[in-house]
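First the structure, in the form of structure tokens, and then the observations on it.
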Amino acid sequence: MSPSLPPLQATIIGFGMAGRGLHGNLISLSSKIMLRSLLIPSYANKTQHYESELASFCQKMQIPREAIAIYQSYAELLEDRDAIDLIVVATPNDSHLSYAKRAFQDGFNVVVDKPVANNLEEWHELSQLIKQRERETSGLKRLPLLSVFHNRRLDGDFLTVCQILEQQRLGTLMHMELSWQKSRPTKDWKRVPVEQGGGRFFDLGVHMLDQVLELLCRRMDYSVKSVYCDMKFDEYDSEISTICHLKFERAESEVPEHEVSRAKEVSVLIDTSTLPTIEKPRFLLVGTKGTYVKYGVDPQEKCLFAGNIHSAIEPDELHGTLVTVDKQNPEKVATLNGKWLNYYDNIADAIRDESVRPIVEMKTMDPLMRIMDGAVRSARSGKVVTEM
């Protein structure tokens, strides 16, 4: 790709923590995409608030305030459609689907924040729309790009876990746990029933489940066998803590006798509980030759919000520990640097060159949404779910 190409023009729908702190910052740090405009439906009612937030954002990112246009409705945005190369949906979960569908139908390239949908019915709506557009074009015209912001695939600790498994340093992987403790959600949009995308499981659990699927299904050819999910709900019927047990398997014919790097079955536990008062490991991986344990959350978000993602280098004391079965010489494994900055550069490349695959392809969302749906059904019924 020629370095002389001008940056693509992006519009973000929503200017809350995700729109401003994540997408706005990352786009502004990319040399291949620039932030052109914002769609803020409530701008007229909170003009002073949004202008204050925007002034602070522009100062931090060294962007002239007048360089960013404000739309107050989607219809207003459509009037400038020829000037917009990418729409980023960074609204609360309950409007992800409606904005993503509308923008994709109107021919825009779209990035939608996770979760892509709040339930399986919503996901089917979007996937059917994609198939319909594919039939309409009959391969004669390239469809707009549609991707989901699963930035946690680019966390440094997750990339380190991938490297450890690729190097087979744990032998045959048998069990893994992913935990993420955080205070109870206080935002109103998160305190709605889990079937509507509320709660911690659709906020943090979806990230961890996507990481598990990236490791086991996309890289190691496993498929999910069952899910059992224990959810705790508050007085609003909003999920506040979840412990999710999953089993993954490979068909017996797919596991040669001489292959020692992959077991026929791997168990997984995902914990988003608010109850522990002592921090649990972010990652725990158990194999036949050793165990890897890692505490602490990837530092990129904290540094990005502070205005210096380049300082997101994990301190030595938070590096993970690998212990072999003989328990001799526990090894500190340096955490790889995260790569969030690659996300929007990749999106720009994929928009301009159809041979470039986006980091998050839509086909990877179907198993994710099916397992999320199975987890919710398990939590409501108290039973193990095997049909997903």
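The values are calculated or read from the model by the stated rules, or taken from the named source; none is laboratory data. In this text the structure is predicted, and so the values were computed from the model without any measurement. Glycine gets a Cβ as well: all are built from the backbone with ideal geometry, and neighbour counts include every protein chain shown.
Let's see how each residue does on (1) without any contact (Cβ under 8 Å) to a residue 60 or more places away in the chain; (2) of a type outside the set (A, V, I, L, M):
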residue: P7; (1), (2): no, yes
residue: A10; (1), (2): no, no
residue: I13; (1), (2): no, no
residue: G16; (1), (2): no, yes
residue: S31; (1), (2): no, yes
residue: S37; (1), (2): yes, yes
residue: I40; (1), (2): yes, no
residue: A44; (1), (2): yes, no
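Residues that are assigned to a helix (DSSP H, G or I), outside the structural domain of V110 (by TED's automatic domain parsing) and among the acidic types (D, E) do not occur anywhere in segment 319-333. For segment 298-313, a tally of residues being surrounded by 18 or more Cβ atoms within 10 Å (Cβ to Cβ), under 16 Å from W180 (Cβ atoms) and not polar (S, T, N, Q) returns 3. The residues of segment 217-246 that are farther than 23 Å from T364 by Cα, assigned to a loop (DSSP other than H, G, I, E, B) and among the charged types (D, E, K, R), listed by number, are D234, E235, D237. Is it the case that segment 19-28 has a residue that's outside any helix (DSSP H, G or I) and either among the hydrophobic types (A, V, I, L, M, F, W, C) or modelled with pLDDT under 95 (or both)? No, segment 19-28 contains no residue that is outside any helix (DSSP H, G or I) and either among the hydrophobic types (A, V, I, L, M, F, W, C) or modelled with pLDDT under 95 (or both).
Looking only at residues in segment 375-388 that are in a loop (DSSP other than H, G, I, E, B) and in contact with a strand residue (DSSP E or B) (Cβ under 9 Å, 6 or more places away or on another chain), which one is surrounded by the fewest Cβ atoms within 10 Å (Cβ to Cβ)? First the steps, then the outcome.
Residues of segment 375-388 that are in a loop (DSSP other than H, G, I, E, B), as a first pass: 382-384, 386-388.
Narrowing the set further to residues that are in contact with a strand residue (DSSP E or B) (Cβ under 9 Å, 6 or more places away or on another chain) leaves 382-384, 386, 388.
Details: G382: 9, K383: 11, V384: 14, T386: 13, M388: 19.
Going through the qualifying residues, I end up with G382.
Every listed requirement among (1) within 22 Å of the chain's Cα centre (by Cα); (2) in a loop (DSSP other than H, G, I, E, B) is met by N346 save one, (2). Each residue in segment 342-374 was checked for being charged (D, E, K, R), under 16 Å from V206 (Cα atoms) and buried (at least 16 other Cβ atoms within 10 Å of the Cβ), and 2 of them qualify. Scanning segment 32-60 for residues that are assigned to a loop (DSSP other than H, G, I, E, B) and at pLDDT below 95 gives P41, S42. Being under 24 Å from the mean Cα position of the chain (by Cα), of a type in the set (S, T, N, Q) and not in a strand (DSSP E or B) is the filter here; which residues of segment 157-180 pass it? Answer for segment 157-180, where residues must be under 24 Å from the mean Cα position of the chain (by Cα), of a type in the set (S, T, N, Q) and not in a strand (DSSP E or B): T160, Q163.
Residues in segment 230-274 that are polar (S, T, N, Q), at pLDDT below 90 and more than 15 Å from F201 (Cα to Cα): S253, S261.
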